[in-house]
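Worksheet: one structure, shown below.
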Amino acid sequence: AQSVSQHNHHVILSEAASLELGCNYSYGGTVNLFWYVQYPGQHLQLLLKYFSGDPLVKGIKGFEAEFIKSKFSFNLRKPSVQWSDTAEYFCAVNGVTGGGNKLTFGTGTQLKVEL
Amino acid sequence: GAGVSQTPSNKVTEKGKYVELRCDPISGHTALYWYRQSLGQGPEFLIYFQGTGAADDSGLPNDRFFAVRPEGSVSTLKIQRTERGDSAVYLCASASQRGPQETQYFGPGTRLLVL
């Protein structure tokens, strides 16, 4: 079975601060990894994804994530956050071998960016 | 154009009643997923359709839950004898099913409240 752990449930930052949200997964085989974002009043949107290749993945709005296989991690980063980044962020994994195509999500991290 | 649409956006019902939730996927997407998101949690997988058939229904919590996709497009999630614990946001996602490296696109969800 696959599982995802997001360590930070609530994060409060000031504008221009750097962001790193932790995500660790548990799965014995090859995985696809995703970060989704849910802005207030909106639906889940894809932020970035990793399938294979370069472990450093760049997404929309200046976000990036690094897949570290040895640590089973896929942390999300942004060098300088903006007030508009206030949202809930979900890490998700899909086990390629035997896990089917269903996504397993973490519990989410609520990010609040203050002016 | 269109993204995934879901109706109704909100549904209030009484314990014991039957409800149907509808999902209209992105045109041409053959894969369709249902998830359930309870307060403070990430989405949890319910069922996955590839075309008209349910390829994986391992996430359905019990036999009160059932879903169909008769023509391989629109899907309906059906809940019989609703219980207060069924209250959640029900999310639908679709994907173009290009093999294991697929991206799921989510709808806005139906917020179900069982009184």
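Here, each number is a calculation from the coordinates, and none is a lab measurement. Please read these numbers as outputs of a predicted model, since none were measured by experiment. With ideal geometry, Cβ positions are generated from the backbone for all residues, glycine too; neighbour counts draw on all protein chains shown.
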Zone of B:ARG64's modelled label, taken as backbone nitrogen in region B:11-27 under 14 Å from a point 7 Å along Cα→Cβ: B:13-20
Filter the cross-link list A:LYS49/A:LYS78; A:LYS102/B:LYS15; A:LYS49/A:LYS102; A:LYS112/B:LYS11 down to pairs whose alpha-carbon distance in this structure exceeds 21 Å. A:LYS102/B:LYS15; A:LYS112/B:LYS11
What's the long-distance tail for chain B, i.e. % of Cα pairs beyond 17 Å? 51
What are the ³J(HN,Hα) values, in whole Hz, obtained from phi via the Karplus relation 6.51 cos²θ - 1.76 cosθ + 1.60 with θ = phi - 60°, for each residue of region A:46-53 in sequence order, with x given for Gly and Pro? 6, 9, 6, 8, 10, 10, 6, x
Express the C-alpha Rg of region A:3-114 as a ratio against the empirical globular expectation 2.2 N^0.38 Å, rounded to two decimals. 1.02
Which order do peptides A:74-81, B:31-38 fall in by mean Cβ count within 10 Å, highest first? B:31-38, A:74-81
Antiparallel %, DSSP beta bridges [both residues in chain B], to 5: 90
Rounded to the nearest 0.05, what FRET efficiency do A:ALA1 and B:SER38 give with R0 = 25 Å and r taken as the Cβ-Cβ distance? Could you check? 0.85
Within-14-Å neighbourhood charge of A:LYS102 [Cβ basis; K, R +1; D, E -1]: -3
Tail fraction, Cα-Cα pairs, the protein assembly as shown, threshold 23 Å, whole percent: 48
